[in-house]
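The values are calculated or read from the model by the stated rules, or taken from the named source; none is laboratory data. This one's a predicted model, so the numbers in the text were calculated from it and none came from an experiment. Cβ atoms come from the backbone with ideal geometry, glycine included; neighbour counts cover every protein chain shown. Note: areas computed on protein heavy atoms with side chains; ligands, DNA, RNA excluded. Shrake-Rupley method; radii C 1.70, N 1.55, O 1.52, S 1.80 Å.
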Amino acid sequence: MNYTEYLSSLRGKRVAVLGVGVSNRPLVGILARAGADVTVCDKKSAGQLGDYMDTLRALGVRTVLGPDYLDTLPSLRPDVIFRTPGLRPDLPGIVRALENGAVLTSEMEAFFDVCPCPIIAVTGSEGKTTTTTEIAGLLRRAGKTVHIGGNIGTPLFDRTPEIRPEDIVAVELSSFQLMTMKKSAHTAVVKNVTPNHLDYHRGMEEYIDAKRNVFRWQNAGDRLVLNWDNPVTRAYAEEAKGSVVWFSIHDRVDEGVYLDGDTLVYAHGGKTEPVLSRADIRLPGMHNVDNFATAIAAVHDMVPADVIAPFAREFNGVEHRIEFVREYEGVRYYNDSIATAPTRVIAGLHAFEQKLIVIAGGYDKKIPFDALGPEFVDHVKALVLCGTTSPKIRAAVENAPGYDPEKLPIVDAPTFRDAVLTAKSLAQPGDVVTLSPACAAFDQFDNFEHRGRVYKEIVRSFGE
């Protein structure tokens, strides 16, 4: 079914759009103009939606707003429900509507249904945004027209008319988006699977199973790119319907990309080819070597080898991912607000060759912090805590072997701004201060991007 046919199939249908965040706002306009009978359901009030309410009125869209918005969903008797990614599909109101005959989908699922060109989809617990960006950048350097979106922040369904069959789409997909996906990408990439989002998922098994949907519906001609170094992703290979391509920074692989000394090597059909030296990767840290290994494994057959190193030398990374903010009075400040899980923080610590002053803490995603303790003891000069999880992180560090409060002071700050200013007061010329929260941002901010922007604003205001 193409884009026009899909919209025609919704003409006159009762459509409920649950949540009007970034991905669903363009969708609402498209559905209304296509002749669907649209109702927007959102926990926000009309006042919180602000000027967008005027847009909805102009489109002739009805609204069901407020904290109990899902309770009335079954009474709307929708034919189709578009779910926002952060909303679990098994909430009672949704389940009752499905029992009445509604079909559940999402903006991303609809895009997969109508996309006219090959899709490369990247998922994982850490590194998926940077890897998706690298994949798109390498393909563009090779002369391809690439459309990038998904969980990376850009909805794609409304852009479908611009996409040609010869183009390529690169999407980042979260476990939230994947939970109900019934179609997989032509090239599916799983970076890693480690404990994350356990405040949303009903345990690790559900999280692992959601990630499967990135490749579950593939065909024999499709490809699955997997991390050899991660036990969960390695096990996924047994379920692959198409070919499997590996990437590893620890072991040699027969098909895919691996690190041999300081060089990433591509292996295929019994032959090997050096493709990228670590010295050519501008971004610090072994996790960025891993990201490039992943990206190269995903696109090697579409990208000439001679464009890889020039791209790596120029690639500055993605905002909020060990992003250099400024140097002030001899201290370098980095924004790693994306580090919302311990494994991500640990990778960031290992990206530097000195001990760091770390700002951590935030919203509790119900994941353990035990692994942070020894790493902070070994790699952190001073720790500033702020947010709901501060006591848990403090306990993980204080209970770690070798912890010495004289060598690693831990300071609690009442507000985020206080935390940044405390880190500044602890720093000496030559130090590195990094925002590496190990937690989501929802206790104080809209999301990790909001937190990172506030951090940068505070740091850039020093001296004013």
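Quick notes
- Cα gyration tensor shape for segment 73-135, rounded if a/c is under 1.5, else prolate or oblate: oblate
- Counting 0.36 nm for each residue step from T72 to A305 and taking away their Cα separation leaves a gain of 78.3 nm.
- Charge dipole (debye, nearest 20) of segment 62-217; +1 at Cβ of Lys and Arg, -1 at Cβ of Asp and Glu: 340 debye
- Residue-normalised accessible area of segment 343-439, expressed per residue, 1.4 Å probe, Å²: 42 Å²
- Alpha carbon centroid spacing (whole Å) that separates segment 204-270 from segment 351-397: 31 Å
- Calculated log₁₀ intensity ratio I(q)/I(0) where the Debye formula runs over C-alpha points of segment 106-213, q = 0.12, 0.13, 0.14 Å⁻¹: -0.38, -0.45, -0.52
- Distant-in-sequence amide H partners of Y334 (H built 1.01 Å from N, under 5 Å): V325, V433, T434, L435
- Length gained on full extension, H450 to M1: 157.9 nm, using 0.36 nm per residue less the C-alpha separation.
- Extension reserve of the K144-D209 stretch, reckoned as 0.36 nm per residue once the Cα distance is removed: 20.1 nm
- Cβ-based charge dipole, the chain, positive-most Cα from A423, I168, V289: I168
- Once backbone amide H atoms are built at 1.01 Å from N, I148 has A170 as its partners under 5 Å, excluding neighbours fewer than 5 places away on the same chain.
- Shape of segment 394-447 from the C-alpha gyration tensor: oblate (a/c of 1.5 or more and a/b not above b/c, with a ≥ b ≥ c the square roots of its eigenvalues).
- Annotation: Cα Rg of segment 1-71 relative to the compact-globule expectation 2.2 N^0.38 Å equals 1.10.
- Dividing the mean sequence gap of close Cα pairs (under 8 Å, 6+ apart) by how many residues the chain holds gives a relative contact order of 11 percent.
- What the phi angles of segment 397-405 give under the Karplus curve with 6.51, -1.76 and 1.60, with θ = phi - 60°, is a coupling list of 6, 5, 8, 6, x, x, 5, 9, x Hz, glycine and proline written as x.
- Candidate lysines - alpha carbon under 19 Å from K241, same-chain residues fewer than 8 apart omitted: K182, K183, K191, K211
- With contacts taken as Cα pairs under 8 Å at a separation of at least 6 residues, segment 193-330 carries a relative contact order of 15 percent.
- Average accessible surface area per residue within segment 227-293, 1.4 Å rolling probe, Å²: 49 Å²
- Segment 233-317 - percent of accessible surface contributed by carbon and sulfur, probe 1.4 Å: 46 percent
- Rg followed by Dmax, in Å, when segment 193-299 is reduced to its Cα trace: 14.9, 45
- Segment 298-448: C-alpha gyration tensor shape, a/c 1.5 cut-off, then a/b vs b/c: prolate
- All C-alpha pair distances within segment 269-352, sorted into 5 Å bins from zero, spread as 3, 12, 21, 22, 17, 12, 8, 4, 1, 1, 0 percent across the bins.
- Two-site label geometry, Q428 and D90: point separation in nm, points 7 Å out along Cα→Cβ: 5.4 nm
- Projected onto their three principal axes, the Cα atoms of the chain cover extents of 68, 58, 41 Å, largest first.
- Cα Rg, Dmax, segment 336-378, angstrom units: 10.2, 30
- Using the Cβ-Cβ distance between E329 and F352 with R0 set to 30 Å, the FRET efficiency works out to roughly 0.95.
- Whichever lysines have a C-alpha closer than 17 Å to that of K456, once near sequence neighbours (fewer than 8 apart) are set aside: K424
- Cα-based convex hull, segment 289-331, per residue volume (Å³, whole number): 95 Å³
- With θ taken as phi - 60° and the Karplus curve 6.51 cos²θ - 1.76 cosθ + 1.60 applied, the whole-hertz 3J(HN,Hα) list for segment 117-128 is 10, x, 10, 10, 10, 10, 9, x, 7, 9, x, 6 Hz, x standing for glycine and proline.
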